[in-house]
Amino acid sequence: MDLKTDFAGRYHILTYGCQMNVRDSEVIAGILEGIGYAMTPDLDDADLVVFNTCSVRHSAENKVYGKLGEVSLLKKKHPDLLIAFGGCMAQLDNVRARIKKQKVDIVFGTHNLHELPNLIEQVKRTASPIVQVYDRAVGIVEHLPSQRHGNISAFVNIMYGCNNFCSYCIVPYTRGRERSRMPGDIVAEIRDLAEQGFKEVTLLGQNVNSYGRGLKEACDFAELLHIVNQIEGIERIRFTTSHPRDMTDKLIDAIAAEYKVCEHIHVAMQSGSNRILKRMNRGYTREHYLDRTRRIREVIPTAAITTDIIVGFPGENDSDFLETIDMVSKVRFDAAFTFMYSVRTGTKAAALEDQIPLEVRRERLISLNKLQYSIAREINQSLEGTIQEVLVEGLSKTDKEKLTSRTRTNRIVIFSGPKDLIGRLINVRITEAKTFSLFGEMV
Ligand code: SAH
Ligand code: SF4
Ligand code: F3S
């Protein structure tokens, strides 16, 4: 069979969720192009629509269900349209049961992106839907093709899955057990990116601090940073996310020592209450979290520390919440992603009885955000007048006459300048600070 002609058609990928999914969608795109599909930015124009889904919160799933209804309707106009449904939601029994009635042709999971060509071929041949999802990964599939976004900054997986089983979280169920890629495979991928002209890599894992567990060749995350720092052509190294429990002095020292490693550390706190942290199965206390963030600021005074926080976890009372507020005031996060707790079927926390009413969760979120935004604005304002090294990423989304760039601490800086600066590191002076971005001028 001539794959290229049999599969000729246009594909459109809908990506939801975290950077892992963004990266997986690049691989899905690479696989589809490899068998003759061409990307279309226009959903109505597609012969194949791929959903790459997220189940981390109820709201994420709802967006997908809404869109799936909409895309199913396109089949009326375009009966040959194929719908493929993959990603984290596809791993869950309750989701698969719910989408059964929808017009989905292919259901695939997070562990078998590489099987897409076979699945498409099978559906086309038999004209009947197919579900192929595996509970667990069979090792790591290397050397898959990929179609990356842009040519400046790239995501690089260093590990997959998660073993932490935080009691609220669905990720260990959708992504399977933690497994690390071999340092050699990671380095080869980054060298190749450098040759293509990429300037920045973001190393991805649910808990990068535990990188290397179970590898034959001993290598931990601090050592990996030292190795990646030596790759010529790459000018900036980022990583996400860190778990406070495994934030060792060795790792903090490595971040400080390697110039290319940007001083931005995303270390999810989740709660400031020891009682709630325990119920969340996080494996650390507020005192430990304070100690680790103090240590980071001691060794790397300019470091930006960002975090994730959940409000309204089952059993969270007013004084637990005030402890979270207290931690936010003490640590003074540069930025925080804040969430209302969302029940995930199958997790331990879903079975807890003392669920918090929506109204209370909402009020707590509003008051947390109010505090956090004022802190972020104050920190940003303290940068006015300073000179910052930025990597120019492209045209500003809100003002196409301007350029958008990022500081080492992951702040967005908008400024005016020639387009040929895109992809380069330059210095800008900060002229104005907002809560979520900065404005500057070239120096
Ligand atoms: N592995 C990362 C987190 C990935 S999920 C880490 O531990 O740092 C991203 C964030 O979503 C989590 O940090 C948490 O704050 C939030 N989250 C996860 N499950 C959630 C749930 N059930 N309800 C609300 N927020 C949740
Ligand atoms: Fe979820 Fe916890 Fe794993 Fe992060 S560390 S993915 S919050 S189980
Ligand atoms: Fe969502 Fe899966 Fe990422 S649940 S947050 S896409 S790992």
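The values are calculated or read from the model by the stated rules, or taken from the named source; none is laboratory data. All figures in this text were calculated on a predicted structure; none of them were measured in a lab. Note that we place each Cβ from the backbone using ideal geometry, even for glycine, and neighbour counts take in every protein chain shown. Heavy atoms of the whole protein, side chains included, go into the accessibility calculation; ligands, DNA and RNA do not. Shrake-Rupley method; radii C 1.70, N 1.55, O 1.52, S 1.80 Å.
Which of the following residues is under 21 Å from the mean Cα position of the chain (by Cα), within 16 Å of ligand 3 (Cβ to nearest atom) and closer than 22 Å to Val267 by Cα: Val208, Val228? First the steps, then the outcome.
On the way: Val228 fails: within 16 Å of ligand 3 (Cβ to nearest atom).
When all the criteria are applied, what remains is Val208.
List the helices (runs of 4 or more DSSP H) that sit entirely inside region 1-111 and contain at least 1 residues that are under 21 Å from the mean Cα position of the chain (by Cα).
Helices (runs of 4 or more DSSP H) meeting the threshold: 19-34, 58-77.
Of Leu48, Leu92, Leu116, Leu74, which residue is in contact (Cβ under 8 Å) with a residue 60 or more places away in the chain, out of contact with any Lys or Arg (no Cβ under 7 Å at 6 or more places or on another chain) and farther than 24 Å from His149 by Cβ? Spell out how you get there, then give the answer.
Details: Leu48 fails: farther than 24 Å from His149 by Cβ; Leu116 fails: farther than 24 Å from His149 by Cβ; Leu74 fails: in contact (Cβ under 8 Å) with a residue 60 or more places away in the chain.
Of Leu48, Leu92, Leu116, Leu74, the one residue that is in contact (Cβ under 8 Å) with a residue 60 or more places away in the chain, out of contact with any Lys or Arg (no Cβ under 7 Å at 6 or more places or on another chain) and farther than 24 Å from His149 by Cβ is Leu92.
Looking at region 170-221 only, could you name the residues that are in contact with a helix residue (DSSP H, G or I) (Cβ under 9 Å, 6 or more places away or on another chain), within 16 Å of ligand 1 (Cβ to nearest atom), open to solvent by 10 Å² or more (accessible area, probe 1.4 Å) and in a loop (DSSP other than H, G, I, E, B)?
Hits for region 170-221 are Glu178, Gln206.
Evaluate the following for Gly109: is it out of contact with any strand residue (DSSP E or B) (no Cβ under 6 Å at 6 or more places or on another chain), open to solvent by less than 10 Å² (accessible area, probe 1.4 Å), modelled with pLDDT of 95 or more and within 26 Å of Arg125 (Cα to Cα)? Write out each step before concluding.
Details: out of contact with any strand residue (DSSP E or B) (no Cβ under 6 Å at 6 or more places or on another chain): yes; open to solvent by less than 10 Å² (accessible area, probe 1.4 Å): yes; modelled with pLDDT of 95 or more: yes; within 26 Å of Arg125 (Cα to Cα): yes.
The answer is yes for Gly109.
Residues checked against (1) within 16 Å of ligand 2 (Cβ to nearest atom); (2) at positive phi; (3) open to solvent by 10 Å² or more (accessible area, probe 1.4 Å):
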position	(1), (2), (3)
Ile28	no, no, no
Val50	no, no, no
Ala60	yes, no, yes
Gly66	no, no, yes
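Among the residues of region 254-287, what is the count of those that are outside any loop (DSSP other than H, G, I, E, B) and not hydrophobic (A, V, I, L, M, F, W, C)? Lay out the reasoning, then the answer.
Within region 254-287, the first condition is being outside any loop (DSSP other than H, G, I, E, B), and the residues that meet it are 254-257, 261, 264-267, 270, 274-279, 286-287.
Okay, now just the ones that are also not hydrophobic (A, V, I, L, M, F, W, C), so 264, 266, 270, 274-275, 278-279, 286-287.
Looking only at that region, the number is 9.
The rows are residues; the columns are (1) at pLDDT 95 or above; (2) farther than 22 Å from His266 by Cα; (3) touching a Gly at 6+ places or on another chain (Cβ under 6 Å).
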{"position": "Leu383", "(1), (2), (3)": "yes, no, no"}
{"position": "Thr398", "(1), (2), (3)": "no, yes, no"}
{"position": "Lys402", "(1), (2), (3)": "yes, yes, no"}
{"position": "Phe415", "(1), (2), (3)": "yes, yes, yes"}
{"position": "Asn427", "(1), (2), (3)": "yes, yes, no"}
{"position": "Lys434", "(1), (2), (3)": "no, no, no"}
{"position": "Ser437", "(1), (2), (3)": "no, no, no"}
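So if I check each of Phe339, Phe333, Phe321, which one is assigned to a strand (DSSP E or B) and either more than 16 Å from ligand 3 (Cβ to nearest atom) or surrounded by fewer than 21 Cβ atoms within 10 Å (Cβ to Cβ) (or both)? Outline the logic, then answer.
Working: Phe333 fails: assigned to a strand (DSSP E or B); Phe321 fails: assigned to a strand (DSSP E or B).
Unique residue meeting the criteria: Phe339.
When you check Leu395 against the structure, is it surrounded by fewer than 18 Cβ atoms within 10 Å (Cβ to Cβ), outside the structural domain of Ile310 (by TED's automatic domain parsing) and in contact (Cβ under 8 Å) with a residue 24 or more places away in the chain, yes or no?
Details: surrounded by fewer than 18 Cβ atoms within 10 Å (Cβ to Cβ): yes; outside the structural domain of Ile310 (by TED's automatic domain parsing): yes; in contact (Cβ under 8 Å) with a residue 24 or more places away in the chain: yes.
Spelling it out, Leu395 is indeed surrounded by fewer than 18 Cβ atoms within 10 Å (Cβ to Cβ), outside the structural domain of Ile310 (by TED's automatic domain parsing) and in contact (Cβ under 8 Å) with a residue 24 or more places away in the chain.
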